[in-house]
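Engineer: Below is a structure I'd like to ask you about.
The values are calculated or read from the model by the stated rules, or taken from the named source; none is laboratory data. Quick caveat, the model's predicted, so the values are computed rather than measured. All Cβ positions, even for glycine, are placed from backbone atoms using ideal geometry, and neighbour counts span all protein chains on display. Surface accessibility is based on the protein's heavy atoms, side chains included, excluding ligands, DNA and RNA. Shrake-Rupley method; radii C 1.70, N 1.55, O 1.52, S 1.80 Å.
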Amino acid sequence: LFCYTMKGKEKSATVSLRKARIQGHAVPKDLQKARGSATTFMQPEGAQYLTHAEKTKSLLSVVHNGLLSTNHHKLNYPYGSIINFVLDSDGKPYTFISRLAEHTANLLNDPRASVLVSQVQGLGDKLATARVTLVGRMLPIEKTEELVKKFIQVHPGAYYAEFDDFMTFKLDVENIRYIGGFGEMSWVPSSDYIHSEIDPVSGGIAAKNAIDHMNKDHKDDVLSMARAYAGLPEATEATILGLDRYGLDVLCILPDGKRRSRVTFEKRLESSDEIKQTIIDLTRKARMRRSSL
């Protein structure tokens, strides 16, 4: 347990932190000197987080394409192909696949499949982004006008869904693997996923724009928030990694290594329209706290 606060030049307890029980990578000492240590995950007392089930459903609500992997009916090796999909009311993805496609033949021969979906991002290490793998049986279902209409609403260019040779397949999700970047991962029970809520904040363009804007134009304010509310007053740099209805995930650089911690909002956000004012208020309070030290 780590407790920090600032009183003048003294440090005393205000924000309680604990190391998260997350297994990290084994970084050789020579690489630690050259590139820094592996990130240590810290959890401020009382911090609120989205569950991995919520993160999974929220990701799938905004990213509607992924890598479908099937077992090839002739080669008997894993076979990958890109698909578009839409979620049904239970969060199960369905898609339309031509009878001419290899993965249609694969699925009709062996319905076991997985779909890998990755968070959209620009520059940067793709392994640092959130992704989820859905595992289960992808079976043909009845093709209805309602399913076709919903699919085309999400994918306006998917006129092929109306072609007679395109079948409808739905993945009956049995297992889910969520990875939120380096060091954050778990198996998510399918029942937790089905009954989870979609976060109205984390996947939207407003959240992405807010993160990019703060990291690019307000680095000092990000550092002030991390020092004041993430329990890391000795941080020398801070970057916002993620934003959701409950708060911010931040990565901080300290003299002895990297720390990933959490800045929790005073109240849960109900829409992305609340992001701007919430961050303005939080940065203002962090500045006031910094100036009073």
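Engineer: Out of (1) within 15 Å of P44 (Cβ to Cβ); (2) surrounded by fewer than 18 Cβ atoms within 10 Å (Cβ to Cβ), the odd one out for Y246 is which?
Structural biologist: Exception for Y246: condition (2).
Engineer: Note down all Cβ pairs under 9 Å where the first residue falls in segment 156-170 and is without any contact (Cβ under 8 Å) to a residue 40 or more places away in the chain, the second is not in a strand (DSSP E or B), and they're at least six residues apart or on different chains.
Structural biologist: If the second residue must be not in a strand (DSSP E or B), the pairs left are Y159/I152; E162/V148; E162/I152.
Engineer: Consider segment 92-112. How many of its residues are closer than 24 Å to K149 by Cα and open to solvent by 20 Å² or more (accessible area, probe 1.4 Å)?
Structural biologist: Number of matching residues: 5.
Engineer: Would you confirm, using the coordinates I've provided, whether L139 is open to solvent by 10 Å² or more (accessible area, probe 1.4 Å) and among the aliphatic types (A, V, I, L, M)?
Structural biologist: Numbers: open to solvent by 10 Å² or more (accessible area, probe 1.4 Å): yes; among the aliphatic types (A, V, I, L, M): yes.
Yes.
Engineer: Would you mention how many residues in segment 153-178 are touching a His at 6+ places or on another chain (Cβ under 6 Å) and either assigned to a loop (DSSP other than H, G, I, E, B) or crowded, with 18+ Cβ neighbours inside 10 Å (or both)?
Structural biologist: 1
Engineer: Answer with yes or no whether K11 is modelled with pLDDT of 95 or more, open to solvent by 30 Å² or more (accessible area, probe 1.4 Å) and either assigned to a strand (DSSP E or B) or not small (G, A, S) (or both).
Structural biologist: So K11 does not fit the description; no.
Engineer: Which of the numbered conditions does R35 fail, given that it passes all the others? Conditions: (1) at pLDDT 60 or above; (2) more than 27 Å from G203 (Cα to Cα).
Structural biologist: Looking at each condition in turn, R35 falls short on (1).
Engineer: Which pairs turn up if I take residues in segment 269-287 that are of a type in the set (G, A, S) and look for partners that are in a helix (DSSP H, G or I) with beta carbon separation below 6 Å, at least 6 apart in sequence or on another chain?
Structural biologist: Pairs that qualify, where the first residue is of a type in the set (G, A, S) and the partner is in a helix (DSSP H, G or I), are S272/A206; A286/S224; A286/M225; A286/A228.
Engineer: Something else: Here is a list of conditions, (1) under 18 Å from I179 (Cα atoms); (2) among the polar types (S, T, N, Q); (3) surrounded by fewer than 14 Cβ atoms within 10 Å (Cβ to Cβ); (4) modelled with pLDDT of 65 or more, and Q23 meets all of them except one; can you say which number that is?
Structural biologist: For Q23, the exception is condition (4).
Engineer: Any residue at all in segment 271-286 that is surrounded by fewer than 21 Cβ atoms within 10 Å (Cβ to Cβ), of a type in the set (S, T, N, Q), touching a His at 6+ places or on another chain (Cβ under 8 Å) and not in a loop (DSSP other than H, G, I, E, B)?
Structural biologist: Scanning segment 271-286, I find at least one residue that is surrounded by fewer than 21 Cβ atoms within 10 Å (Cβ to Cβ), of a type in the set (S, T, N, Q), touching a His at 6+ places or on another chain (Cβ under 8 Å) and not in a loop (DSSP other than H, G, I, E, B), so the answer is yes.
Engineer: Now a separate question. Could you list, in sequence order, all residues of segment 249-260 that are open to solvent by less than 40 Å² (accessible area, probe 1.4 Å), in contact (Cβ under 8 Å) with a residue 24 or more places away in the chain and out of contact with any Leu (no Cβ under 6 Å at 6 or more places or on another chain)?
Structural biologist: As a first pass, look at segment 249-260 and keep what is open to solvent by less than 40 Å² (accessible area, probe 1.4 Å): 249-250, 252, 254, 257, 259-260.
Within this subset, residues satisfying the condition of being in contact (Cβ under 8 Å) with a residue 24 or more places away in the chain are 250, 252, 257, 259-260.
Answer for segment 249-260, where residues must be open to solvent by less than 40 Å² (accessible area, probe 1.4 Å), in contact (Cβ under 8 Å) with a residue 24 or more places away in the chain and out of contact with any Leu (no Cβ under 6 Å at 6 or more places or on another chain): V250, G257.
Engineer: Scan segment 120-130 and give yes if some residue there is touching a residue at least 12 places away in the same chain (Cβ under 8 Å), outside any loop (DSSP other than H, G, I, E, B) and within 30 Å of Y229 (Cβ to Cβ), otherwise no.
Structural biologist: Yes, segment 120-130 contains at least one residue that is touching a residue at least 12 places away in the same chain (Cβ under 8 Å), outside any loop (DSSP other than H, G, I, E, B) and within 30 Å of Y229 (Cβ to Cβ).
Engineer: Given the conditions (1) in contact with a helix residue (DSSP H, G or I) (Cβ under 9 Å, 6 or more places away or on another chain); (2) surrounded by 17 or more Cβ atoms within 10 Å (Cβ to Cβ), report the number of the one that K74 does not fulfil.
Structural biologist: (2)
Engineer: If we only count strands (runs of 3 or more DSSP E) wholly inside segment 42-113, which ones have 2 or more residues that are over 18 Å from F166 (Cβ atoms)?
Structural biologist: By residue number, 65-71, 78-84.
Conditions (1) in contact with a Cys (Cβ under 7 Å, 6 or more places away or on another chain); (2) of a type in the set (F, W, Y); (3) in contact (Cβ under 8 Å) with a residue 60 or more places away in the chain, marked per residue:
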| site | (1), (2), (3) |
| --- | --- |
| Q43 | no, no, yes |
| A53 | no, no, yes |
| S61 | no, no, yes |
| S69 | no, no, no |
| S81 | no, no, no |
| D88 | no, no, yes |
| G91 | no, no, yes |
| F96 | no, yes, yes |
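Engineer: Please verify whether L134 is part of a helix (DSSP H, G or I) and not small (G, A, S), treating the condition exactly as stated.
Structural biologist: Details: part of a helix (DSSP H, G or I): no; not small (G, A, S): yes.
Against the criterion (part of a helix (DSSP H, G or I) and not small (G, A, S)), L134 does not qualify.
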